[in-house]
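The values are calculated or read from the model by the stated rules, or taken from the named source; none is laboratory data. Just so it is clear, the model here is predicted, and its values are computed rather than measured. Glycine gets a Cβ as well: all are built from the backbone with ideal geometry, and neighbour counts include every protein chain shown. Each accessible area value is taken on the protein alone, full model and side chains, heavy atoms only, with ligands, DNA and RNA left out. Shrake-Rupley method; radii C 1.70, N 1.55, O 1.52, S 1.80 Å.
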Amino acid sequence: METMRAIAPEPRPATSETLATYYGTLLQHFGPQHWWPARTRLEVIVGAILTQNTSWRNVEVAVARLRRAGLLQHRALLNAPLSRLESCIRPAGYYRQKARTLKAFASFFEDQFGGSFHRLFHLPMGECRARLLSIKGFGPETADSVLLYAGKFPIFVVDAYTRRILSRHGLVPPDADYATTQAMVHQHLKPETKVYNEFHALLVETGKTYCRPQQPRCSSCPLRPFLPVAGPVLVAGSLANSPAWALAAEEAE
DNA sequence: TTCCAGTTGA
DNA sequence: TCAACGGGAA
């Protein structure tokens with residue numbers, strides 16, 4: 001390809017109006033997403049672990065195999081041989097790590113809460129989060145997914161899709177970490193479980209369909225009207241003040 | 001064959 | 001900060 005230098009979008013201050021507009025636009029475009037797609041709270045947690053760095057399609061296969069094996073109960077996860085868990089969840093990838101994480105959660109849940117979701121989620125949100133993060137294999141996204149989708153706490157889940165979309169739109173810096181990104185959303189979107197649930201799900205759909213890592217489909221994206229003007233983009237030696245860099249990249253395909 | 005997506009441990 | 005962890009889809 002010719003010389004082409006894409007500049008990060010002009011950073012814009014995120015406002016409550018901006019976030020509300022993004023949320024409303026995506027909801028209008030995609031409709032309610034009805035997350036989390038699971039039958040029980042334990043199944044939400046199992047799914048949250050299995051979907052780490054993995055597409056949901058593969059997780060569904062693994063969850064179905066666990067269900068068929070009668071392993072969608074924390075006691076069953078506790079008692080089953082590790083190798084049995086591994087073979088069930090193989091389609092979800094990272095199966096050795098994740099089998100251990102499933103075990104780790106099951107012990108945590110039994111030992112500290114007697115297998116009671118009521119007791120686990122009766123804790124204050126911050127305390128519950130800290131306890132979940134103490135489980136080996138639980139990072140911030142997994143913990144927050146459990147808090148939001150199983151515990152119904154008003155906490156926003158940040159993932160790769162969220163960061164990609166928000167940074168391409170200049171609402172967070174390209175290198176914004178998990179906490180920074182989450183704090184921005186918490187600051188500008190009302191702390192309601194239903195809103196955080198839906199917004200995260202809508203961002204995932206947007207990330208998969210339009211805001212892809214390579215060759216983003218900006219021209220048909222519902223958020224296209226809100227893309228910031230990019231910095232100067234150098235294309236084939238000429239300096240042009242173009243629309244947002246992502247659009248420029250798309251047109252350059 | 002490359003690409004994608006979280007967490008750990010060094 | 002970065003390799004390792006694994007599979008399925010593009």
Legend entry - Estimated FRET transfer efficiency when R0 is 22 angstrom, pair A:V61-A:H34 (beta carbons, to 0.05): 0.60
Legend entry - Mean separation of Cα contacts under 8 Å, 6 or more apart, over the residue count of chain A: relative contact order %: 29 percent
Legend entry - Residues listed by number, the range A:169-203, amide nitrogen under 11 Å from A:A20 label point at 7 Å toward C-beta: A:189-190
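Counting Lys and Arg as +1 and Asp and Glu as -1, each charge on the Cβ, what is the dipole of the range A:41-150 about the Cα centre in debye, to the nearest 20?
In total the dipole reaches around 380 debye.
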Inset, instruction - May I ask you to give the solvent-accessible area per residue for the range A:7-128, in square angstrom, as obtained with a 1.4 angstrom probe? - result: 54 Å²
Inset, instruction - Please work out the FRET efficiency for the pair A:M125 and A:S219, using the Cβ-Cβ distance as r and a Förster radius of 35 Å; give the result to the nearest 0.05. - result: 0.30
Legend entry - Simple Cβ-charge dipole of chain A, Lys/Arg +1 and Asp/Glu -1, about Cα centre, in debye nearest 20: 1100 debye
Legend entry - Cα centroid separation - the range A:67-87 against the range A:102-144, whole Å: 18 Å
Legend entry - 14 Å beta-carbon shell around A:A64, net charge (K/R +1, D/E -1): +4
Legend entry - Distance between the range A:44-62 and the range A:152-210 - C-alpha centres, whole angstrom: 19 Å
Legend entry - Selection from A:I45, A:A14, A:Q187, by position along the positive dipole direction of chain A (Cβ): A:I45
Inset, instruction - Show the residues, 5+ positions off or on another chain, whose built amide H is closer than 5 Å to the amide H of A:R212. - result: A:R217
Legend entry - Signed unit charges on C-beta, dipole axis of chain A, positive-most listed residue A:Q28, A:H200, A:L85: A:L85
Legend entry - In sequence order, calculated HN-Hα J values of the range A:98-112 (Karplus, 6.51, -1.76, 1.60; Hz; x Gly/Pro): 5, 5, 5, 5, 4, 4, 4, 5, 4, 5, 3, 5, 6, 5, 9
